[in-house]
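The values are calculated or read from the model by the stated rules, or taken from the named source; none is laboratory data. Computed from a prediction, not measured in an experiment: that's the story for all the values here. Cβ sites come from the backbone with ideal geometry, for glycine too, and all protein chains shown count toward neighbours.
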């Protein structure tokens, strides 16, 4: 078995790094827009490399889509975009 040298990041670590709430990260995950994560027990863990690769791969279009998803408190899935329509 090879030794893992890369530190695993918790969902809160990744949210803090991206300056978003943990709830936003979980909403992104729900919609398949978050970096690849692995569940260990009840917790999600992200490899630093996976988060870096995900962030690097974002283009302007996907970054706008990801940034429009917000935690749903009132049942709304998306924040309206500039056109006033939800995505």
If you go through the stretch 70-80 one residue at a time, do you hit one that is at pLDDT 65 or above and surrounded by 14 or more Cβ atoms within 10 Å (Cβ to Cβ)? no
Among the residues of the stretch 32-58, count how many are surrounded by fewer than 16 Cβ atoms within 10 Å (Cβ to Cβ) and in contact (Cβ under 8 Å) with a residue 40 or more places away in the chain. 2
Can residue 30 be described as at pLDDT 65 or above and over 18 Å from residue 8 (Cα atoms)? yes
Within the stretch 10-50, count every residue that is out of contact with any helix residue (DSSP H, G or I) (no Cβ under 6 Å at 6 or more places or on another chain) and part of a strand (DSSP E or B). 8
Could you list, ordered by first residue, the pairs with Cβ atoms under 7 Å in which the first is in the stretch 18-31 and within 15 Å of residue 54 (Cα to Cα) and the second is part of a helix (DSSP H, G or I) and at pLDDT below 90, at least 6 apart or interchain? 28/66
